[in-house]
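The values are calculated or read from the model by the stated rules, or taken from the named source; none is laboratory data. As the structure is a prediction and not an experimental result, all values here were calculated from the model. Heads up, the Cβs are rebuilt from the backbone with ideal geometry, glycines too, and the neighbour counts pull from every protein chain shown.
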Amino acid sequence: MDRLLTRARLPAAALAAVVGLGLALPANAGDPAKGKGVFAAQCSMCHSNTKGGPTILGPNLYGVVGRKAGSLPGYAYSSGMKAAGFVWTTDQLKIYLPAPRNTVPGTKMSFAGLKNPTQLDDLVAFLDTLK
């Protein structure tokens, strides 16, 4: 009987280990190719994304990951963005982009926010390639 119980516990233990590993995996890293499409549809009317690209309504986002908020030369940032005090990381972008005005009060960015988590992950993955 003990032998049967031991055998029954092994598959359950293996399943628990696999599920546990799944929970330990990082959140969706996003698909940069899909993110490029999100950028085209949601961001490109206000932002360029090429090295040396122009300021449109908002600053050029080439190299945004790793840049201090409110620091791109040649763009007139709001006082709120200048005082934000953080560096744009992928995590910070995922906080900011769903609700820009809640994250940085006084930002000039009028975008209501990217609420779809898959699109957000894809967009941030794309922005992270712009180096």
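For this structure, a couple of remarks:
- Where a residue in the range 64-89 is loosely packed, with under 15 Cβ neighbours inside 10 Å and at pLDDT 95 or above and its partner, wherever it lies, is among the hydroxyl-bearing types (S, T, Y) and outside any loop (DSSP other than H, G, I, E, B), with Cβ under 6 Å and at least six apart: Y75/T55
- Any hit, the range 41-60, residues being at pLDDT 95 or above, surrounded by fewer than 12 Cβ atoms within 10 Å (Cβ to Cβ) and polar (S, T, N, Q): yes
- Against the criterion of being buried (at least 19 other Cβ atoms within 10 Å of the Cβ), over 21 Å from A33 (Cβ atoms) and free of Cβ contacts under 8 Å to residues at least 60 places away in the same chain, V104 qualifies.
- Exclusive hit being in contact with a helix residue (DSSP H, G or I) (Cβ under 6 Å, 6 or more places away or on another chain) and hydrophobic (A, V, I, L, M, F, W, C), set V87, V64: V64
- Check on K36, part of a helix (DSSP H, G or I) and either in contact with a His (Cβ under 7 Å, 6 or more places away or on another chain) or at pLDDT 95 or above (or both): yes
- From the options L57, L93, L61, L123, residue that is in contact with a Cys (Cβ under 8 Å, 6 or more places away or on another chain) and assigned to a helix (DSSP H, G or I): L123
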